[in-house]
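The structure appears below as structure tokens.
Quick note: the coordinates plus some simple rules give every number you see, no bench work behind them. No experiment lies behind these values; they were computed from the predicted model shown. Cβ atoms come from the backbone with ideal geometry, glycine included; neighbour counts cover every protein chain shown.
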Amino acid sequence: MAILVDGETRILVQGITGHTGANLAARMRDEGSPLVAGVSPGRPGGRMADAPVFASCSEAVAVTGANASFVCVPARSALDAVIEAVAAGLRTIVVYAEGVPVHDAVFMSAYGEARGARILGPNSAGCISPGQANLSDLNERLLVPGPVGIVSKSGTLTYEVIAELNGLGLGQSTVACLGGDPVVGTSHADVLKMFDADAATEAVVLIGEIGGRSELDAAEVVAQMRKPVVAYIAGLHAPAGKRMGHAGALLGSADENVPGKRAALAQAGASVVPDLLGIAEAVANALTPPRSEEARRTERQ
Amino acid sequence: MAILVDGETRILVQGITGHTGANLAARMRDEGSPLVAGVSPGRPGGRMADAPVFASCSEAVAVTGANASFVCVPARSALDAVIEAVAAGLRTIVVYAEGVPVHDAVFMSAYGEARGARILGPNSAGCISPGQANLSDLNERLLVPGPVGIVSKSGTLTYEVIAELNGLGLGQSTVACLGGDPVVGTSHADVLKMFDADAATEAVVLIGEIGGRSELDAAEVVAQMRKPVVAYIAGLHAPAGKRMGHAGALLGSADENVPGKRAALAQAGASVVPDLLGIAEAVANALTPPRSEEARRTERQ
Amino acid sequence: MDLLEHQGKALLRRYGIPVPDGSLWPERPNAPGGYVVKAQVAAGGRGKAGGIHFAEDSAAADALARGLLDRKIGGHRVDAILIERRLDIRREDYLAVALDRDRRCLTLVHALGGGVEVESLPPEALTRVPVDPLIRLRDFHIARVLEAAKVEGETRRAYGEVVRALYRLVVAEDATLAEVNPLALTADGGVIAADAKVTLDDNARFRRDTPDDGDAQAAAASTLEQSLRATGAVGVEVDPDGDVVAVVSGAGLMMATLDLLVERGHKVRAVVDLGGTVLAGGEVLARVFAAVAAAGPRLTLLNAFMQTALCDEFARMLVQAQEMSPLRGRVVIRLKGRQADEGRRLLVERGFQVHEDLVPALDGLADAARGR
Amino acid sequence: MDLLEHQGKALLRRYGIPVPDGSLWPERPNAPGGYVVKAQVAAGGRGKAGGIHFAEDSAAADALARGLLDRKIGGHRVDAILIERRLDIRREDYLAVALDRDRRCLTLVHALGGGVEVESLPPEALTRVPVDPLIRLRDFHIARVLEAAKVEGETRRAYGEVVRALYRLVVAEDATLAEVNPLALTADGGVIAADAKVTLDDNARFRRDTPDDGDAQAAAASTLEQSLRATGAVGVEVDPDGDVVAVVSGAGLMMATLDLLVERGHKVRAVVDLGGTVLAGGEVLARVFAAVAAAGPRLTLLNAFMQTALCDEFARMLVQAQEMSPLRGRVVIRLKGRQADEGRRLLVERGFQVHEDLVPALDGLADAARGR
């Protein structure tokens, strides 16, 4: 059934009358994604991308049954927008804005957790279950439905992995982008647990990077998982003390570097690949049952 | 296994160096209840009722594994004490204080809910699973282990019901007192759901009173329950506009009166008794399988 | 504690909410456009009961005020009258910040068309905006009220400030209700609280800097209730013509006992919850007895089922109290709980009618009522 | 943004935290007991690196300050010197309020014995008190620090106020770290911040009333990084001796590309994340190119995999940028994504070496590096 977004998802775009919001809403409509409403406190009424535009999230939820929100407002408005979304009962919330103050990220994460909402971001590209719902800025046409779950901080890096997977005929169940900021609402570990419980996912690709403990915490989950995990950690050669594009990608304490994270994941049983280009093959190997491997060897003899 | 408190419960008394706290702790020790720690920010160190006294809940939890707290501090300190207990990871928290400001009750309820702690009170007599753990001011010697769960606002009224049940040989799984204040952390409905899922409980006594919607919300749960519920609502003849001893027992809107609550519960399938004295017999009837009723009729013939 | 209108408006003003110019009679504001004369009683439906009048000039206002003084409105004696400048009202709304005990949060409540009892409005006419205590009031909550109020421009801004200030008042003053009914939109664009009903939480008295005016509440309580409150027990007057008083060891049991008595045909004068006084000694209990005795019941039922206090000690307190301040009429005692056997023995020795269980005690009371 | 010590202490003082009397040289406080002379650089281990000195009198302090000026301490040039009154320190603690990104909360951090790098302390020497953002700082959080600090009486009260003020500062100023190391307990019972390291969240600049001093940060950034920041792209200098620059269409891909290049034996001068500039037009891209060209790389890899922007439009921008501000040396382009076929065609027409996939592009770069 996929995770985070699926056939039951009904999408609301907060900030739908802004430039980015309008573009994304139009793309959702064109892709056939389940966009049901927009919110624009300043310009309610009317329609955008065929969806009605409301003054508040609670009104949008009451009228349209929206249950997921793509928050597409300026960074300084993100906290209020997310709190409103959580309070209105939206369950999956993507915070697209870059440059959100970290204290705001802290509070929205705590509040979402308290009220049972799942927040991706800030600075998240969103999540997508191809063929079901696209709550992301990824281009759905690039994805193929299939058995591989992907969890990553970054959206752009994910494209590369998706293309490689597609090349080997391996489609995706859900792609979840956590966001590149130091504090984000959802960790790798959270998503791994969801993938492990998801009937549509057979293997998981974990893409990590330097900075923070998200991948180290994820290792503890990997050790408990029934499904194979292929992991890649970016930033082995990142210079110390510099932010690598992501506000969160800053080399910190020793075990938060690439070797530390690789070691923890490998020890937990993940198949750790040294570079981006080996991911798809490692997934293919993980999905090939050892028995048929034997069988093929027998055939070759 | 009982609800709220059971064989796994490890009790902490907050305010153990106060008069009431010291008395209750001594009684817990004498009864063999699982008291493991006390907290007294002003007078840490030493022991009370054989339990070590700590400066903070988190220290007490770290050292003793306490998981339930009896909060026995003055009303004006109750909010901070409960927040500390929740933040320290205590899961079942009884707020014994009377006279807690209602805004404080609102915040502690919200925070407990957000962090997965179950709060009884303010102004709650607590909860007890006889033979397992006593997190209440009820006298354990009066109770007998058995199959009947009791949920009530008041402790004193509960004594009457327990005595009547004991008279018919019907022991108790857990007795939960919600507290007599207008805003309390746990509702009748919450406890009914727990009883319905509890293997040790075969029938439930719901004692309600005028004021508030807790019993009306409970009726919706009763309709979904597999176990029989016997309900009694106090305050049929309470004069309008007067608080009946409990701050929360104030006749409000029309369906919050006794006939409204009785009707809702009866419609949901509860056996509603008109007065206190009929409760035990109704429980006995509910626990007698209809088939053996027939059998007895046959015998009589 | 329910504040009177003029007290509530003084509080609103402190939080920046516009209220009409006004003062307590015999003072008067300057009001060329006429006056409103309002009896200050804590009763609903004051207008219908003749408590609110309009006057064209100050002489008429004075005459109306004089006529109201000492009258009874809704069962309350009028001893203060508020004289206000009359507003040029274009529209009236209902606005309140109220504690929702069941959802455990404060809720903004709004309706178009105020001035009537909010309970009389159909539910769909009300906009209810619950405010999660974890996030407190945010702009989006206010925006929902403003959408419902259909206000624009400067009026929208002023209206929003009233909502914000009313919420702030409720939080800072520990109020359980702050109701403005009606909130007046005046011809000159003002948003003014034309009435105010504020209820403060007595439990939060210790942290409120507003001095408390206990008079209003005391006035609402009957003499029996007042004198019992001084002892630490809680009394509830039920029927002034009743002849039975029930004194009970707990709030829940008190309610249940009242129901049992009425259902058995007794006319109940009052019920009393002893609460913590069961531990406070014979002298305190004697004061409870004195208060009950002053109400002159023909029959008294003492219903105690105690597990925290000891029944034998309580029996000794009862004996002492009965000596210090004897209850007149017949007294039936039900005593059960810890060390109750010894307690009942002590009481029987002193000639009380004592039972262990409730049903025989009720039967004994019925016999006593029939004069047996 | 990391504040310098004297900026941090000015902020602490605003929140009521005691700091030693001090001023920027050549000003001096009145200090009969002697001086501390401290180089103002944003580097750790200043003391060991010779950035902190003690002086008995003002003449000695002046001499030391003059000696420090313009020296390099921990790679930073000293252009400000703080002169403080020397404290009579009885004990030194470590105290900080720090953002814990993984637990998503602020955390109070305390250790007995400050003055050393906190990372060098064993974990059990640290008391960490996480503060749930839903409840913010409460007395019980502070009490846990005070228990760890083992302070009593007036010192306990003053210590508690420092903890409270430091937390307030972090929240109100949107700081991610406020570290006092050491917090000095003086012989006369004072609790004084002897050092201060404050990091402010740049994203919250819009709501901070403290004026921002961007100089410190700019000084830490290299010229290439500075000039790229002005374009909206993000550059990261890797190895000053490197001869390859990678320009990439996203932060994650930039990191991964750097790893691929280094693992294949390239010496990388810098990597650049184009970020939003891929949508900003040829002129902006030309400015990115100009900044890269100024760094004089022998080889440039342009790695773009784009799904939001269109590859053919991006190709046109590239062509325009290359005309306006040509990249010197060899350029290898990888272009994939929406309308990439057309994009690659346009670039090939202009003579660029273009690939669709990353592996051939990397091979092409390797060939170019070998001069093929």
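Can you grab the distance from the C-alpha centre of the stretch C:90-151 to the C-alpha centre of the stretch C:268-332, Å, no decimals? That distance is 46 Å.
For chain D, what does the alpha-carbon gyration tensor say about shape, rounded, prolate or oblate, given a ≥ b ≥ c as the root eigenvalues, a/c under 1.5 as rounded, and a/b over b/c as prolate? Prolate is the answer for chain D, as a/c is 1.5 or above and a/b outweighs b/c. Dividing the summed -39500 (n - 2.57) terms of all DSSP H runs of n ≥ 4 by the residue count of chain D sets its mean residue ellipticity at 222 nm at -10500 deg cm²/dmol. Among chain A residues, the one whose Cβ is nearest the axis of the rotation from A to B, given with its distance rounded to whole Å, is A:Ala114, 2. Both the radius of gyration and Dmax for the protein assembly as shown are 36.9, 124 Å, in that order, over alpha-carbon atoms. Legend: residue pairs A:Lys242/D:Lys267; A:Lys153/A:Lys193; A:Lys242/D:Lys336; C:Lys9/C:Lys38, Cα-Cα distance threshold 24 Å; pairs beyond threshold, A:Lys242/D:Lys336.
Of all GluC sites (Glu not before Pro) in the stretch C:42-97, which ones are in loop regions per DSSP and have a Cβ with at most 16 other Cβ atoms within 10 Å? For GluC sites (Glu not before Pro) across the stretch C:42-97 that sit outside H, G, I, E and B with at most 16 neighbouring Cβ atoms in 10 Å, the list reads C:Glu56. In this simple spin-label model, placing a label point 7 Å from the Cα along the Cα-to-Cβ direction at both C:Leu112 and D:Glu154 gives a separation of 6.6 nm. The modelled label-to-label distance for the pair C:Arg370/D:Arg208, using points 7 Å beyond Cα in the direction of Cβ, is 8.7 nm. Inter-copy label distances at C:Ile89, using a point 7 Å along Cα-to-Cβ, come to 6.9 nm with the shortest given first. Judged by the ratio a/c of the largest to the smallest principal axis of the C-alpha gyration tensor, the stretch A:175-254 counts as prolate, that ratio being 1.5 or greater while a/b is larger than b/c. Loop-located GluC sites (Glu not before Pro) in the stretch A:190-239 (DSSP state not H, G, I, E or B) with no more than 16 neighbouring Cβ atoms inside 10 Å do not occur.
Determine, from the Cβ-Cβ distance of C:Asp241 and B:Ala284 and an R0 of 51 Å, the FRET efficiency 1/(1 + (r/R0)^6), rounded to the nearest 0.05. That gives a FRET efficiency of 0.80.
When DSSP beta bridges are restricted to pairs lying wholly in chain B, around 25% turn out antiparallel. Evaluating kT/(6 pi eta Rh) at 4 °C and 1.567 mPa s, with the Kirkwood radius of the stretch D:21-85 over Cα pairs in the Stokes-Einstein relation, gives 113 µm² s⁻¹. The gain in end-to-end length when the B:Val144 to B:Arg43 segment is fully stretched comes to 32.7 nm, 0.36 nm per residue minus the alpha carbon separation. Starting from the label point of D:Gly276 at 7 Å along Cα→Cβ, the same points in the other copies fall at 6.1 nm, in ascending order. The convex hull of the Cα atoms of chain A, projected and averaged over all directions, covers 15.7 nm². The calculated 222 nm mean residue ellipticity attributable to helices in chain A amounts to -10500 deg cm²/dmol, summing -39500 (n - 2.57) over DSSP H runs of n ≥ 4 and dividing by all residues. Pairs with C-alpha atoms separated by more than 21 Å, drawn from the list D:Lys48/D:Lys150; B:Lys227/B:Lys261; D:Lys48/D:Lys197, are D:Lys48/D:Lys150.
Against the main long axis of the alpha-carbon atoms of chain D, helix D:58-68 sits at an angle near 10°. The angle separating the long axis of helix B:102-114 from the principal Cα axis of greatest extent in chain B is about 90 degrees. For chain B, the longest principal axis of the Cα atoms and the long axis of helix B:156-167 meet at an angle of about 50 degrees.
Rg then Dmax, both in Å and based on the Cα atoms of the stretch C:89-207: 13.8, 42.
Taken as Cα centroids, the stretch A:144-182 and the stretch B:25-41 sit 54 Å apart, rounded to the nearest whole angstrom. The same position B:Gly89 in the other copies lies at 3.4 nm from this copy, comparing label points 7 Å beyond Cα toward the beta-carbon, shortest first. For chain C, modelled as a GNM whose springs connect Cα atoms under 10 angstrom apart, the maximal fluctuation among C:Ser249, C:Ser120, C:Ser325 occurs at C:Ser120. Extending 7 Å from Cα along the Cβ direction at B:Asp50 and again at D:Arg71 yields two label points whose distance is 6.7 nm. Which shape class applies to the stretch D:310-359: rounded if a/c is under 1.5, otherwise prolate when a/b exceeds b/c and oblate if not, where a ≥ b ≥ c are the square roots of the Cα gyration tensor eigenvalues? Cα axes put the stretch D:310-359 in the oblate bin. Give me D for the stretch D:221-369 in µm² s⁻¹, whole number, from Stokes-Einstein with Rh from the Kirkwood sum over alpha-carbon pairs, 37 °C and 0.692 mPa s. Diffusion coefficient, whole number: 223 µm²/s.
Charge tally for B:Ser40 (other residues, Cβ to Cβ under 13 Å; Lys, Arg +1; Asp, Glu -1): -1. Each residue of the stretch C:18-160 gets 142 Å³ once the volume of the Cα convex hull is shared out per residue. For the rotational copy relationship between C and D, the axis lies nearest to a chain C beta carbon, identified with its distance in whole angstrom as C:Leu134, 3. Plainly put, the stretch D:60-103 has a radius of gyration that is 1.16 times its Kirkwood radius, both from alpha-carbon atoms, as the Rg/Rh ratio.
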